[in-house]
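**Student:** Can you keep this structure in mind? I'll have questions shortly.
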């Protein structure tokens, strides 16, 4: 055995999903295709460029399907992810990260030489100056200004800061100002629009052209058109969907393309089932939930705890049948993107029959 | 790039840890060696067989160091982990899991043929009967009865159930009853001892020999001698240690051999630092904490949130210096075992100079 698992050992087309060894995430092809089509149709309707974030799946074949549906360009979160996708032929890549440090800058420059359109973001003079220095006498790099529009993570805090940083980028001979990057809180379209439009006014007054306003996120994706300044939207999770997206109102449980297949391995008490999916399969991401996923077919079952290779389901609220030892069940996970990062391969199926096994090509790569 | 990362790209002996690209878990060789020695010395003093759990590191070279120090046998949580370690020459392996299903049983039988001493656990008649049927006309399999001694996960609930299941195993021609498996709550040695001694009395009355009482866990490891019925102890986390083990009183921060190296990539406000280690590097395991790790050198910094590739540190309680953009910092993670499951390679160092890079050989293997 090695990390290059023999795909045929895991599954091959025609196998029944119900015969797969567990724990194993599985992707429903029809739901996947419907999720891609539904979101692309919305973006087309509102004339928004759509740039899928590949962090959710890390699989070039899925990004190709997103592009085939009409997406233009992709979004990566790490240079190493971008390297995998560049090698697979993608030539318009936005890396939404502040790139710092000699080793990363060297790899970034090599990548910039290799593909047609590479863009990164920056939210500080330190990052901009580092990029400007490293790209001097190289092919210019396009840099967007990351704005904190309520997410409370990275990003300049005010339109004035955004405009000042844009001017700093525009003034650097080795850099090209590529636009603004925003990310709304759930329901925060108005806040994004206020930040973006105020910044655009400042940029206009300064004579700085802003070619792109890139907004993002799946939870409020169908509010994207309310950000009238935006020229594009980025989203990742929509392709698989998960329990957190159901809660956000983005989709229903029937739109969740990823299930985690697990086996009941113990029923120590009448009210307790233990499955073979723990934090090394489902991750401990709660995303505000108190439990670790939805048990398909047993909606009253509550996954109250995970250890590394076990999940404990409290059945005390189940009035009808309860899962038996040996029974295979499916979990709708809280968060799909982190699960993709645990498995070297992903199994796809249609109506419970395996269609393909894809390598999760950008899984687990360090920067 | 592929999953078989070029180790030399990541690090090579002699490199400075401070030059590594981040995020990157690093292991302090001296702390590692001291952790191995300290626990083995305790087990030797109390004449307890020590069986390290390899889930924490998943690296054969580290298990070899544990065996060289005096451990006898290893503990795995999955058949695929055991396959990797069997291929590396380990021939006494306990898999602490209820094995069910045709595919897993076939692999288990192949493994049983390959190594000298393979043992599994069971906590139900369904599991025992499945093993008994599959191993009929094969080399007999040794099975321990898993007992729920307060953990609330798998395991028979009472000494009477334990004795009955032991009798069922002993009566199966293809199985060998291997003993009892227990796991204490923190501070729960007395409960383990009560359960084990009552079961041993029942077994004695039934004329069933019980060769092993295997107790486990790092949090209460130094109470292992209080379980006077125990013949062996299993533990994994002690080799690296982590924040949860500091809280449990097992060790101090200075005994934590794993740090996660991260870079400050943004300082959007005076009170906020953002690092490049998120849930895909640190995992979301809280283990009862409200935050995601201890920031070495900035003890007042609180890692309040993780997204996939970012961690947000609240600096509002820091009175002295605050980390700058570009600064590399170290995190003592809440839980080491799940971090080993994210990285294909692990970097070791002594006093900040890289000593070796090991493949995390059993990482991410599905069953």
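**Student:** Can you confirm whether residue A:53 is under 20 Å from residue A:179 (Cα atoms) and within 15 Å of the chain's Cα centre (by Cα)?
**Tutor:** So residue A:53 passes the test.
**Student:** Still on this model: Can you tell me which residues in segment A:287-306 are assigned to a loop (DSSP other than H, G, I, E, B), within 11 Å of chain B (Cβ to nearest Cβ) and surrounded by 18 or more Cβ atoms within 10 Å (Cβ to Cβ)?
**Tutor:** If the condition is that a residue be assigned to a loop (DSSP other than H, G, I, E, B), within 11 Å of chain B (Cβ to nearest Cβ) and surrounded by 18 or more Cβ atoms within 10 Å (Cβ to Cβ), then A:292 is the only one that fits.
**Student:** Here's another thing I want to ask about it. Which one of A:13, A:60 is out of contact with any strand residue (DSSP E or B) (no Cβ under 6 Å at 6 or more places or on another chain) and surrounded by fewer than 23 Cβ atoms within 10 Å (Cβ to Cβ)?
**Tutor:** A:60
**Student:** Output the residue which, of all residues in segment A:310-335 that are within 11 Å of chain B (Cβ to nearest Cβ) and within 18 Å of the chain's Cα centre (by Cα), is farthest from residue A:60 (Cα to Cα).
**Tutor:** Across segment A:310-335, the extreme among qualifying residues is A:334.
**Student:** For residue A:347, only one of the following conditions fails: (1) buried (at least 21 other Cβ atoms within 10 Å of the Cβ); (2) out of contact with any strand residue (DSSP E or B) (no Cβ under 7 Å at 6 or more places or on another chain). What is its number?
**Tutor:** Among (1) buried (at least 21 other Cβ atoms within 10 Å of the Cβ); (2) out of contact with any strand residue (DSSP E or B) (no Cβ under 7 Å at 6 or more places or on another chain), residue A:347 violates only (2).
**Student:** Confirm whether residue B:112 is under 30 Å from residue A:268 (Cα atoms) and crowded, with 24+ Cβ neighbours inside 10 Å.
**Tutor:** no
**Student:** Quick test for you: out of B:364, B:320, pick the one residue that is more than 30 Å from residue B:270 (Cβ to Cβ) and either modelled with pLDDT under 95 or assigned to a strand (DSSP E or B) (or both).
**Tutor:** That would be B:364, the only listed residue that is more than 30 Å from residue B:270 (Cβ to Cβ) and either modelled with pLDDT under 95 or assigned to a strand (DSSP E or B) (or both).
**Student:** Which residues, taken from segment B:263-286, are part of a loop (DSSP other than H, G, I, E, B) and more than 8 Å from every other protein chain (Cβ to nearest Cβ)?
**Tutor:** Passing the criteria: B:270, B:271, B:277, B:278, B:281, B:282.
**Student:** Restricting to segment B:310-329, name every residue that is closer than 14 Å to residue B:263 by Cα and without any contact (Cβ under 8 Å) to a residue 60 or more places away in the chain.
**Tutor:** B:310, B:311, B:312, B:313, B:322, B:323
**Student:** Which residues, taken from segment A:21-51, are more than 14 Å from every other protein chain (Cβ to nearest Cβ) and more than 19 Å from residue A:225 (Cβ to Cβ)?
**Tutor:** Selection gives A:27, A:28, A:29, A:30, A:31, A:32, A:33, A:34.
**Student:** Criterion first (under 30 Å from residue B:38 (Cα atoms) and touching a residue at least 40 places away in the same chain (Cβ under 8 Å)) does residue B:261 satisfy it?
**Tutor:** Considered against the rule, which asks whether it is under 30 Å from residue B:38 (Cα atoms) and touching a residue at least 40 places away in the same chain (Cβ under 8 Å), residue B:261 comes out as yes.
**Student:** Name the single residue that is nearest to residue B:125 (Cα to Cα) among those in segment B:86-100 being surrounded by 23 or more Cβ atoms within 10 Å (Cβ to Cβ) and within 17 Å of the chain's Cα centre (by Cα).
**Tutor:** Ranking the qualifying residues of segment B:86-100, first place goes to B:97.
**Student:** Is it the case, given these coordinates, that residue A:269 is surrounded by fewer than 22 Cβ atoms within 10 Å (Cβ to Cβ) and modelled with pLDDT of 95 or more?
**Tutor:** For residue A:269, the condition - surrounded by fewer than 22 Cβ atoms within 10 Å (Cβ to Cβ) and modelled with pLDDT of 95 or more - is met.
**Student:** Need the failing condition index for residue A:233 against (1) over 22 Å from residue A:122 (Cβ atoms); (2) in the same structural domain as residue A:95 (by TED's automatic domain parsing); (3) in contact with a helix residue (DSSP H, G or I) (Cβ under 6 Å, 6 or more places away or on another chain), just the number.
**Tutor:** With (1) over 22 Å from residue A:122 (Cβ atoms); (2) in the same structural domain as residue A:95 (by TED's automatic domain parsing); (3) in contact with a helix residue (DSSP H, G or I) (Cβ under 6 Å, 6 or more places away or on another chain) applied to residue A:233, the lone miss is (1).
The values are calculated or read from the model by the stated rules, or taken from the named source; none is laboratory data. Owing to the predicted nature of the structure, the values given are computational and were not obtained by experimental measurement. We place every Cβ from the backbone using ideal geometry, glycine too, and count neighbours over all the protein chains shown.
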